[in-house]
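The values are calculated or read from the model by the stated rules, or taken from the named source; none is laboratory data. Computed from a predicted model, the values in this text were never measured in an experiment. Note: ideal-geometry Cβ built from the backbone for every residue, glycine included; neighbour counts use all protein chains shown. Side chains included, ligands, DNA and RNA excluded: accessible areas come from the protein's heavy atoms. Shrake-Rupley method; radii C 1.70, N 1.55, O 1.52, S 1.80 Å.
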Amino acid sequence: QVQLAESGGGLVQAGGSLRLSCAASRRTLSTTTMGWFRQAPGKEREFVSAISIFGGDTYYLASVKGRFTISRDNAKNTVYLQMNSLKPEDTAVYYCAAGSPASSTNPNQYNYWGQGTQVTVSS
């Protein structure tokens, strides 16, 4: 069983930055694609970003491309999401997820999920 723990969320003003971290309970990140998803109140969970096993491929939701950067440190079993130029519409609970090497933007492709961390962007 893999456990994922997100951290780094909080309240920030529009235009500000946050860095989310996702730590895995065991050495699993080096064998899986990792993803970040978010869910705002009353909305479905949506894909935000994903990174391949060795970080060679990254994927982004169109509305965050150029503002968010996903990265990973397999030696530390940790994935990061650097979020810059935050907007009120980025407000949501952010979840990290571990999939398979073939996982991409579909949440159904991910087997393990963290509990989420709240990101609130004020205008």
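Among Asp73, Asp90, Asp57, the largest mean-square fluctuation in a Gaussian network model of the chain, built with springs joining Cα atoms closer than 10 Å, belongs to Asp57. If the segment from Ala102 to Ala75 were pulled out straight at 0.36 nm per residue, it would be longer than the present Cα-Cα gap by 7.6 nm. The largest-to-smallest principal axis extents of the Cα set in the stretch 73-119 are 32, 26, 18 Å. The relative contact order of the chain comes to 36 percent, based on Cα pairs under 8 Å that sit 6 or more residues apart. Based on protein heavy atoms only, the chain ends up with 50 Å² per residue of surface accessible to a 1.4 Å probe. Each semi-axis of the equivalent ellipsoid for the stretch 44-95 is √(5λ) with λ an eigenvalue of the Cα gyration tensor; in descending order they amount to 20, 12, 11 Å. The figure for Thr58 is an accessible area of roughly 60 square angstrom, using a 1.4 Å probe on the protein chains alone. Approximating the spin labels as points 7 Å out from Cα along Cα→Cβ, the Glu44-to-Lys87 distance works out to 2.1 nm. Please get the size of the charge dipole for the chain, origin at its Cα centre, with Cβ charges of +1 on Lys and Arg and -1 on Asp and Glu, quoted in debye to the nearest 20. Its charge dipole is roughly 180 debye. Can you give the FRET efficiency to the nearest 0.05 for Gln109 and Ser7, using r as the Cβ-Cβ distance and R₀ = 30 Å? That gives a FRET efficiency of 0.80. Given a 1.4 Å probe and every protein chain left where it sits, what share in percent of the accessible area of the chain is carbon and sulfur? In the chain, the share of accessible area belonging to carbon and sulfur is 46 percent. How large, in Å, is the stretch 1-62 by the Kirkwood hydrodynamic radius built from its alpha-carbon pairs? Hydrodynamic radius (Kirkwood, Cα only) of the stretch 1-62 equals 13.5 Å. Of the trypsin sites (Lys or Arg not before Pro) found in the stretch 43-74, those in coil by DSSP whose Cβ has at most 13 other Cβ atoms within 10 Å are Lys43.
Restricting the chymotrypsin sites (Phe, Trp or Tyr not before Pro) of the stretch 31-75 to loop positions (DSSP other than H, G, I, E, B) with no more than 13 neighbouring Cβ atoms within 10 Å leaves Phe54. A probe of 1.4 angstrom, applied to the heavy atoms of all protein chains, finds Ser49 with accessible area near 0 square angstrom.
Taking the empirical scaling 2.2 N^0.38 Å for compact globular proteins as reference, the chain has a Cα radius of gyration ratio of 0.96.
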